[in-house]
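One structure is given here, and the rest of the page talks about it.
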């Protein structure tokens with residue numbers, strides 16, 4: 001364990017030095033992996049959803065590949081619970097990723113005592129002493145767009161940003177829904193509305209500037225919900241400009257056994273087709 005910690009510090013310090021020499025922004029990435037995925041029991045009863053295989057590869061690996069493409073990210077923080085910590089530590093050690101990955105155990109042991117997504121974000125901020133911009137990602141979904149495009153939108157807006165996509169009316173009823181003006185600034189937000197006013201669903205990819213990171217602690221201290229990241233979005237857009245990046249391509253919610261089987265079949269076929277073309 002000590003050897004791994006020393007290696008982590010060496011990689012992290014090298015990334016920071018490189019960031020300074022390039023005179024660029026420094027960003028941390030927070031991967032949310034503390035959920036218990038009860039709808040996927042027994043698969044996830046003692047094993048994390050993010051490490052389930054889709055197309056022969058762990059779900060989280062697809063996200064990690066996209067995170068690695070953002071040069072300004074110098075460290076990746078993965079927050080999980082006490083049940084899954086060892087699984088993620090083993091995964092991180094085996095990955096030998098180009099950006100250092102540090103696993104945080106939030107100490108919870110069941111769905112009943114979980115900190116919630118926003119609680120886990122603040123847990124990482126406090127324990128890692130985060131003082132940089134942050135990219136926050138749920139790791140149990142598969143999305144096809146590039147995070148570099150999302151990040152470029154953030155650099156242009158210089159304000160908190162979320163990812164959105166136009167969805168049909170019935171699907172919007174099951175998601176967080178944003179109302180946007182002509183400049184893609186959020187002017188309204190509803191969580192799972194019975195009658196959606198907006199056309200855009202908000203997905204679990206967020207970028208928050210360093211200057212507003214302390215607002216997350218304030219949000220929690222005011223007694224607001226610690227769960228569902230969309231609640232934080234609803235809180236922030238009323239206090240400051242908050243913009244949306246509209247992505248294209250698929251985004252798969254792997255929340256049920258049926259969805260997992262469907263996406264696994266889709267990605268397995270895509271992998272086989274790619275391998276056949278390569279052989280040819």
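The values are calculated or read from the model by the stated rules, or taken from the named source; none is laboratory data. Since the model is a prediction, treat every value here as computed from it, not as a measurement. Because the Cβ atoms are built from the backbone with ideal geometry, glycine has one as well, and the counts that use them run over all protein chains shown.
Miscellaneous remarks
- Single unsatisfied condition, residue 143 versus (1) on the phi < 0 side of the Ramachandran plot; (2) surrounded by fewer than 18 Cβ atoms within 10 Å (Cβ to Cβ); (3) at pLDDT below 95: (2)
- Some residue of segment 187-196 being out of contact with any strand residue (DSSP E or B) (no Cβ under 6 Å at 6 or more places or on another chain) and in contact (Cβ under 8 Å) with a residue 60 or more places away in the chain: no
- Within segment 173-186, considering residues that are assigned to a strand (DSSP E or B) and modelled with pLDDT of 95 or more, the one farthest from residue 255 (Cα to Cα): 185
- In the set (1) modelled with pLDDT of 95 or more; (2) more than 27 Å from residue 152 (Cα to Cα); (3) in a loop (DSSP other than H, G, I, E, B), the condition left unmet by residue 44 is number (1).
- Of the helices (runs of 4 or more DSSP H) lying entirely inside segment 110-172, the ones with 2 or more residues being in contact (Cβ under 8 Å) with a residue 24 or more places away in the chain and under 15 Å from residue 31 (Cα atoms) are found at 117-128.
- Members of segment 204-231 that are buried (at least 17 other Cβ atoms within 10 Å of the Cβ), touching a strand residue (DSSP E or B) at 6+ places or on another chain (Cβ under 8 Å) and modelled with pLDDT under 95: 204, 229, 230, 231
- Between 253, 273, the distinction of being in contact with a strand residue (DSSP E or B) (Cβ under 7 Å, 6 or more places away or on another chain), within 29 Å of residue 40 (Cα to Cα) and at pLDDT below 90 belongs to 253 only.
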